[in-house]
Amino acid sequence: MLSVPGAIDRARSARRIDHDIETLAGSDYTLSSTAIRRYAYTDVYAHTLDYFRQQFQDLGFDVFEDPVGTLVARNRPRGVEVFGLGSHCDSNRNGGKYDGTMGVVTALEVCRLNRDLKSNLPLQVISFLEEEGSGFGHMLLGSRIMSQRVTEEELRQPIRAVDDARSFWEHSQAAGYHPECWRDSIQVLQDLVGWIEMHIEQGRVLQDTGTRIGLVHAIAGCIHADVTVHGRADHAGATPMDFRLDAGLVAAECMLELEQLVRAAGNGTVGTVGEMELEPGLINVVPGLARFSLDIRGVDQDTFTGVATSIAAFAEGAARRRGMTAKCSTRQAMPATLMEKKILEAMEGAVQMTGESFTRIASGAAHDTMCVADHVPAAMIFIPCKDGISHSPLEEASAMDAALAAEVILRAIHSLLT
Ligand code: GLV
Ligand code: MN
Ligand code: MN
C-alpha cells in the first residue's frame, strides 16, 4: 500500500542535501583544487559512486552498476515495476558542485523522504556515467550506451580518452567493467514506469523571473561535429601572403559564418565553436591544419540540423576558395526531445500543492533524460542557479530549492502511481 505523503520538513531536506553537496565537493571527490573535475574511471569518480552506494545501502536499497559503470539503486527486486529518478555525478572539467550531482543528491533525498514518510513508493535511482564527456569527449555516453544509441565499433575505437587517447573499451576494462556486455545495460530501464530528472537550470530565466521551479517541456537537440581544414605549414616570416595555404583563416571564416547562420535561423537555435587547434601551433609558422568543433542546438529539429548542413557546406567552399580542403565529421547527434505530458501535469499538480511559483521551460542543455525518453515516459524539473552559471566552479544553487524539488517529485510520483 502506498500512503499519501504528509507534511514535509523542507528545512531538514535542505540540510541533508547541503551536507551531501558539500561532502562531494571535498578533495577526495575532485581532481582539481579550484573546480569540480571528475569523470569516468578516475579515483575521484569511484569515490563519488562509493558515497552514493553507501547512502542508498543505508536506506536498504539494492545497489549495482551496469556493465560500464552507471550506478543503479532500487528498493524493489528486479522485475518489479519502479519509478525512475536521477541524473549524473561526473562534472565538466572546470565544473561546479551542482551540475548533475544536485540531481542525484535530490533523488537520494526523495528516497530518504520515502522512508521518513513511510510512503512505500517503488523507486530506482540512476546516476549516469560520463554525461559531460569530460573523460571521453562524448556527452551522454552512459545513457547513450544504455539506450543503445552507440555502436560497438564506436566504443572499441573512435571514443577515446581525452587524457591519453586510449579507447573507452580499454579504460572500461582496466577499471574492472565489462564493455563487451554493454548491450545488457538497457535492462536497467526495463522496469521503469516513468522517469524524472532534477537539474539546475543552467540559464537565468528562473532566477530573473523569481520562479522557483521549471517544468521542462522539451530538451533541445544537438549536433556535435569536428571540422578539419588541411592547408600547408610555412615559415610565417619568409612566406608572402599570396603564397600561403593558411588553414587558420578558413577556421576564422567558419566561426563568423556560424554566427550568421544561427542568427538567421532563429527559433532559439544556437551555435558555438568551443574547441580550436592549429598545427603546428607555433607563433612563427603558418597553420597547416586547423581543427575546430561545432556545437549546434535547438528545439526545432529542422532548423538546427539545417544550420549544421549549411556550415559543413560553407567550410568546404571556404577551403576550396583558398585552395585547401575541409571535412566535417559528426561526433554525435541528438534529436530534440519532448517531455511526457502526464508526468509534467503530475509535477504541476504537486507544485501547486506547495503554493510555490513554477513555469514551463525548454532546456537548451542536453541531458541523459533525452536517452531515457526513448524507452520510458520521462520529464525534467529545474531549479534556479545563480546568474545562470554552470560548467564553472562559480555554479551556485539553493539546497532549499532542491528540497522543494524533492517534495514535488515525491508527490508527483505518488499521484502517478495511485
Ligand atoms: C551537457 O552538459 C551539455 O553540454 O548540454
Ligand atoms: Mn548536467
Ligand atoms: Mn553539464
Can you tell which of Gly271, Gly60, Gly79 shows the greatest fluctuation in a Gaussian network model of the chain with Cα springs below 10 Å?
Gly79
Backbone HN-Hα couplings from phi across the stretch 16-23 [Karplus 6.51/-1.76/1.60, Hz, Gly and Pro as x]
5, 4, 4, 4, 4, 4, 5, 4
Sum of -39500 (n - 2.57) over DSSP H runs of 4+, divided by residues of the chain (222 nm, nearest 500)
-11000 deg cm²/dmol
What number, in percent, do you get for the relative contact order of the chain if the mean sequence gap of Cα pairs under 8 Å and at least 6 apart is divided by its residue count?
22 percent
Less than 29 Å apart at the alpha-carbon level, and either on another chain or at least 8 residues along: which lysines does that give for Lys341?
Lys118, Lys386
Pull up the cross-link candidates among the aspartates and glutamates for Lys327, meaning alpha carbon to alpha carbon under 20 Å and not fewer than 8 places away within one chain.
Glu154, Asp226, Asp246, Glu253, Glu257, Glu259, Glu275, Glu277, Glu279, Asp295, Glu316
Highest GNM mean-square fluctuation, the chain, Cα pairs closer than 10 Å: which of Ala313, Ala405, Ala220?
Ala313
Using the scaling law 2.2 N^0.38 Å as the reference, what is the normalised Cα Rg of the chain?
1.04
What whole-number distance in Å separates the alpha-carbon centres of the stretch 210-270 and the stretch 339-378?
32 Å
Can you tell me, using C-alpha contacts under 8 Å and at least 6 residues apart, the relative contact order of the stretch 177-333 as a whole percent?
31 percent
Full extension from His178 to Glu259: what is 0.36 nm times the residue separation minus their Cα-Cα distance, to one decimal in nm?
24.9 nm
Surface/4 estimate of mean projected area, convex hull on alpha-carbon atoms of the stretch 15-116, nm²
6.5 nm²
What is the gain in length, in nm to one decimal, between Val193 and Leu394 on full extension, counting 0.36 nm per residue of separation less the C-alpha to C-alpha distance?
68.7 nm
Under a 10 Å cutoff between Cα atoms, tell me which one of Glu109, Glu81, Glu340 has the largest fluctuation in the Gaussian network model of the chain.
Glu81
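Here, each number is a calculation from the coordinates, and none is a lab measurement. None of the values given here were measured: they were computed from a predicted structure.
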